[in-house]
Amino acid sequence: MKALILYYSCSGNTRRLGQRAQEALLSRQWNADIFHLRDFDADNYPYHPDLIVLGVPVQYWDVPNSARRLIQKLPPFKGASAFVFSTFGKCVINPVPFLLAKELIEKGCTIVGGGQIVAPHAAKVDGRQRLGDLEAAFGRGQPDDAASSQFTAVVQGIAEKIDMKNTARIELAELKKLHTRGMLASLMGYCTSNRERMWFMPHIDYDAAMCKNCHQCIESCDAGAILCTSEKEIAIDKGRCNKCYQCIDVCPSGALGTNWSQAVFWTRAVRLFAREAETKFAVG
Ligand SMILES: Cc1cc2nc3c(=O)[nH]c(=O)nc-3n(C[C@H](O)[C@H](O)[C@H](O)COP(=O)(O)O)c2cc1C
Ligand code: SF4
Ligand code: SF4
């Protein structure tokens, strides 16, 4: 049997789980390829997978904008089974597994399972402290061992069912039930767009004097929001920026930054609406 694992990841949590899925499938003698969505070349991918595993982090209560664009460009996978998952911090609302399932159904897949995995451990990025509270609040770190083991068992269980030709489609309503609930929060989630929610978060600041013109930020930006304006300078297109703060992590010279106190303020404000997030799965 053949599996194709596709993920989107900024700080590594979702990638780690994608790798766990690959290990789980290899241990069942499956072939399992894994790609960051950005690196997947559908035109030159020769196999027709039996199982698609698709995972992304939650960003601003939604599928990250850049990931959504890449997912929509995927080819049809007619007849394949699919397992969808999201990683998230302390979430107000997490419709992401449900949204991923909808995308894959349009591509001809049958959804056989989904899950949301909490990645709550705060970690410093590149040993720097400046992400501070934002880090802790968003939980950029890694899923704990219990959640990772649960994830592995679920993927192995799905592979076993496919091997036995015993898979069952799950209802999308099951994926909706995974959401971290809270009436007011859910209402806010459905009434505002992803762009509106990120509006409160600070823009990227650029200090040209510190820039080494290495272009690592340009390569890291999946939104194509960083432009090379001259031999010495770059510029951020605020209209395109998804405020994922990935470019700040990769900049070796400290030329990129943001107003973290504003970010921390809004993150804390949003957390007031959040309930404890739970790792949960739904399997057909
Ligand atoms: C810009 C940004 C926005 C985020 N928004 C949310 C959110 O709305 N809800 C949530 O629970 N977690 C949110 N998170 C936390 C991530 O979903 C979580 O840390 C995830 O595990 C990161 O996965 P990755 O390491 O694969 O990028 C956000 C993280 C970032 C960087
Ligand atoms: S400019 Fe930076 S923060 Fe904005 S989308 Fe690109 S990588 Fe993310
Ligand atoms: S990564 Fe930093 S140093 Fe390199 S071009 Fe971008 S802003 Fe300049």
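The values are calculated or read from the model by the stated rules, or taken from the named source; none is laboratory data. Here the structure is a predicted model, which is why all the values come from computation and not from measurement. Glycine also receives a Cβ, built like all others from the backbone with ideal geometry; neighbour counts cover every protein chain displayed. Please note that ligands, DNA and RNA were not included when accessible areas were found on the heavy atoms of the full protein model with its side chains. Shrake-Rupley method; radii C 1.70, N 1.55, O 1.52, S 1.80 Å.
What Cys residues in the chain are without a partner cysteine, judged by a Cβ distance under 4.7 Å?
Cys10, Cys91, Cys109, Cys191, Cys211, Cys214, Cys221, Cys228, Cys241, Cys244, Cys251
Under a 10 Å cutoff between Cα atoms, tell me which one of Phe200, Phe98, Phe85 has the largest fluctuation in the Gaussian network model of the chain.
Phe200
Give me the aspartates and glutamates in straight-line cross-link reach of Lys176: C-alpha distance below 16 Å, same-chain residues under 8 apart excluded.
Qualifying aspartates and glutamates at Cα under 16 Å: Asp62, Glu103, Glu278.
Taking the Cα centre of the chain as the origin, how large is its charge dipole in debye, to the nearest 20, when only Lys and Arg (+1) and Asp and Glu (-1) carry charge on their Cβ atoms?
Rounded to the nearest 20 debye, it is 620 debye.
With r defined as the distance between the Cβ atoms of Arg169 and His215 and R0 fixed at 30 Å, what FRET efficiency is calculated, to the nearest 0.05? Don't skip to the end; give the middle numbers.
Working: r = 45 Å, r/R0 = 1.52.
Computed FRET efficiency for Arg169 and His215: 0.10.
Just want to confirm a number: the relative contact order over the range 203-258, from Cα pairs under 8 angstrom separated by 6+ residues, in percent.
The normalised contact order for the range 203-258 reaches 47 percent.
Hey, if you put +1 on the Cβ of every Lys and Arg and -1 on every Asp and Glu Cβ in the chain, which of Val155, Gly113, Phe77 ends up farthest toward the positive end of that dipole?
It is Gly113.
Hey, what number do you get for the chain at 222 nm if only DSSP H runs of n ≥ 4 count, each worth -39500 (n - 2.57), divided across all residues, to the nearest 500? Before the final figure, lay out the partial values.
Numbers: 11 runs with 100 residues, N = 284.
Rounded to the nearest 500, the figure is -10000 deg cm²/dmol.
What share of all Cα pairs of the range 203-258, in percent, falls into each consecutive 5 Å distance bin?
4, 23, 39, 26, 9, 0
Under unit Cβ charges (Lys, Arg +1; Asp, Glu -1), what dipole magnitude, rounded to 20 debye, does the range 1-128 have relative to its Cα centre? Intermediate values should be presented prior to the final figure.
Working: 15 positive and 10 negative charges, 62 e Å.
Taking the Cα centre of the range 1-128 as origin, the dipole is about 300 debye.
Beyond 34 Å, what percent of the Cα pairs of the chain remain?
Values: 8266 of 40186 pairs.
That fraction is 21 percent.
In whole percent, and with a 1.4 Å probe on the protein chains, what portion of the accessible area of the range 203-258 is carbon and sulfur?
Numbers: 1420 of 2830 Å².
Looking at the range 203-258 in its full context, I get 50 percent from C and S.
Longer than 24 Å from Cα to Cα, which of Lys78/Lys280; Lys73/Lys212; Lys212/Lys243; Lys177/Lys238 are they? Say none if no pair is.
Numbers: Lys78/Lys280 27 Å; Lys73/Lys212 34 Å; Lys212/Lys243 22 Å; Lys177/Lys238 35 Å.
Checking Cα-Cα distances, Lys78/Lys280; Lys73/Lys212; Lys177/Lys238 exceed 24 Å.
Counting Lys and Arg as +1 and Asp and Glu as -1, what is the net charge of the other residues whose Cβ lies under 9 Å from the Cβ of Trp30? Walk me through the numbers before you get to the answer.
Working: positive: Lys2, Arg28; negative: Asp50, Asp163.
That works out to 0.
Points 7 angstrom from Cα along the Cβ direction at Arg38 and Ala235: gap in nanometres?
So the label points at Arg38 and Ala235 sit 2.3 nm apart.
Before anything else, pin down the relative contact order of the range 5-123: Cα pairs under 8 Å, at least 6 apart, normalised by residue count, whole percent. Before the final figure, lay out the partial values.
Working: 198 pairs, mean separation 29.2, N = 119.
About 25 percent, as a whole number.
Let me check against my output: what whole-number percent is the relative contact order of the chain, with C-alpha pairs under 8 Å and at least 6 apart?
21
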